[in-house]
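Data first, discussion second: the structure below is written as structure tokens.
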Amino acid sequence: MYLVDDGSIRGVTEAHLQYLQENIPSFEYVTYSQNRGKGFALRTAIVKTQGDLIIYTDADYPYRMENAWEMFRLLNDENYDVVLGVRDDHYYSQLPFLRKVFSLSLRTMNHVFFPSMFVKDTQSGLKGFNQKGKEVFLKTHINSFLFDMEFVVLASRRKDLRLAKIQVHVRDGIS
């Protein structure tokens with residue numbers, strides 16, 4: 001497991017890191033001083049991975065654990081190269097108004113500008129892939145939150161990749 005500190009100036013203490021290192025055998029902490037964006041942070045961690053399968057998510061992981069297990073099953077048992085989480089309508093009903101407008105607007109723009117994109121909801125925060133998918137992910141260049149969209153566009157264009165999607169569901173109690 002990798003934790004990338006994308007240039008934060010507070011919140012991470014030596015005690016926190018020691019706890020994680022003692023309790024997660026494969027834990028690795030990666031840090032750099034300047035904030036570069038989520039896309040850069042994920043590429044920094046993913047380039048280091050050595051496992052056959054990679055699943056990444058947001059630190060707050062708002063989804064049900066069953067969603068991650070389903071993603072793993074599709075990658076491991078069914079040999080998909082890339083599995084993408086897609087948010088359900090319940091998720092959007094939980095969002096503040098402006099965030100909902102932004103998310104739905106981005107999804108609509110994906111329909112217009114990228115009609116052949118495998119999924120139009122690119123911002124779910126739960127994605128997984130094998131080594132073929134990793135190769136595509138590491139070809140992304142966008143450092144901001146739009147790296148997800150770039151990854152889905154690149155993966156959608158590859159005819160040699162097996163893509164799958166899962167419906168992700170918000171955990172109870174998420175606000």
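The values are calculated or read from the model by the stated rules, or taken from the named source; none is laboratory data. None of these values were measured; they are calculated from a predicted model. Surface accessibility is based on the protein's heavy atoms, side chains included, excluding ligands, DNA and RNA. Shrake-Rupley method; radii C 1.70, N 1.55, O 1.52, S 1.80 Å.
When the solvent-accessible surface of protein heavy atoms is calculated with a 1.4 angstrom probe, in what order do Asp58, Asp77 fall, highest first?
Largest accessible area first, the list is Asp77, Asp58.
Keeping all protein chains in position, work out how much accessible area Leu17 exposes to a 1.4 Å probe, and write it in Å² to the nearest 10.
Leu17 exposes around 20 Å² with every protein chain in place.
For the chain, report the accessible area per residue in Å² (1.4 Å probe, heavy atoms, rounded to an integer).
About 59 Å² of surface per residue is accessible.
To the nearest 10 degrees, how steep is helix 97-113 against the longest Cα principal axis of the chain, on a 0 to 90 scale?
60 degrees
Measure off, as a whole percent, the carbon and sulfur share of the 1.4 Å-probe accessible area of the range 1-74, all protein chains present.
Carbon and sulfur together cover 54 percent of it.
So if I take the centroid of the Cα atoms in the range 53-126 and the same for the range 17-33, what is the distance between those two points in Å?
If you average the Cα positions of each part, the centres end up 27 Å apart.
Please report the accessible area of Met65 (heavy atoms, 1.4 Å probe, ligands and nucleic acids excluded) in Å², nearest 10.
110 Å²
Going Cα to Cα from Lys38, which lysines come in below 17 Å? Please leave out same-chain ones fewer than 8 positions away.
Counting by Cα, and skipping residues close in sequence, Lys38 has these lysines nearby: Lys48, Lys127, Lys134, Lys139.
So what does the Cα-only Debye profile of the chain read at q = 0.11, 0.12, 0.16, 0.20 Å⁻¹, as log10 I(q)/I(0), no solvent term?
-0.49, -0.59, -1.07, -1.55
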